[in-house]
Amino acid sequence: MNRKDNPWQILSQRQAYDNPWIGVTEFDVINPSGGNGIYGKVHFKNLAIGVVPLDAEMNTWLVGQYRFPIDRYSWEIPEGGCPEGMDPLSGARRELAEETGLTAHSWLKIMEMHVSNSVTDEKAIIYLARELEQHAASPEETEQLIVQKLPFEQVYRMAEEGWITDALSVAAILKVKLMLSDGRIF
């Protein structure tokens, strides 16, 4: 379905919240069924970037950290925000190096996605990084990270069994598994 007409009618809007990372807009609307309502939209000021590093032995790296919004520890692919105006691949290179210490000589954009399009316009780009070299990591001062190098098949099982719940990570891991299965990665 490629519908161009917006069935939502916007009556008014106001900025409800704003900080350096997000803005929240509240809309007074008439919904598609003709009823009055409100709708809130969260605008992220950074592009979400994720990286699946994959070495020649089919190992990958996960980053573990406590995530304040969900009040729990989370295992994820290396990921972060890319400021508006920065090249997404440059952002991916930066995130991979900061969080894992890895650099890559081969990069492939494997997907773009909207993270939670019922409440936010946040867009994500995910890359596959190959031909890796290990250097020292330099995480941001607000990050307390644990980095693990694991066989990709183990990471896939972690996603499949619900040990990995981060949306970017699950989507990226499933995409790489599909690409491995059909021979696009070898």
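Miscellaneous remarks
- Within the span defined as segment 88-111, every residue fails to be more than 24 Å from residue 185 (Cα to Cα) and either among the aliphatic types (A, V, I, L, M) or touching a helix residue (DSSP H, G or I) at 6+ places or on another chain (Cβ under 9 Å) (or both).
- Restricting segment 167-177 to residues that are among the aliphatic types (A, V, I, L, M) and farther than 20 Å from residue 131 by Cα leaves a set whose member that is surrounded by the most Cβ atoms within 10 Å (Cβ to Cβ) is 168.
- Failed item in (1) out of contact with any Ser or Thr (no Cβ under 8 Å at 6 or more places or on another chain); (2) over 19 Å from residue 165 (Cα atoms); (3) crowded, with 18+ Cβ neighbours inside 10 Å, with residue 57 passing the rest: (3)
- Test: residue in segment 136-143 that is surrounded by 14 or more Cβ atoms within 10 Å (Cβ to Cβ) and either in contact with a His (Cβ under 6 Å, 6 or more places away or on another chain) or at pLDDT 95 or above (or both): no
- Only one of the listed residues (77, 10, 70, 38) is out of contact with any Leu (no Cβ under 8 Å at 6 or more places or on another chain) and within 30 Å of residue 176 (Cα to Cα). That residue is 70.
- Residue 125 being surrounded by 18 or more Cβ atoms within 10 Å (Cβ to Cβ), within 23 Å of residue 186 (Cα to Cα) and not hydroxyl-bearing (Ser, Thr, Tyr): yes
The values are calculated or read from the model by the stated rules, or taken from the named source; none is laboratory data. Computed from a predicted model, the values in this text were never measured in an experiment. All Cβ positions, glycine included, derive from the backbone under ideal geometry; neighbour counts span all protein chains shown.
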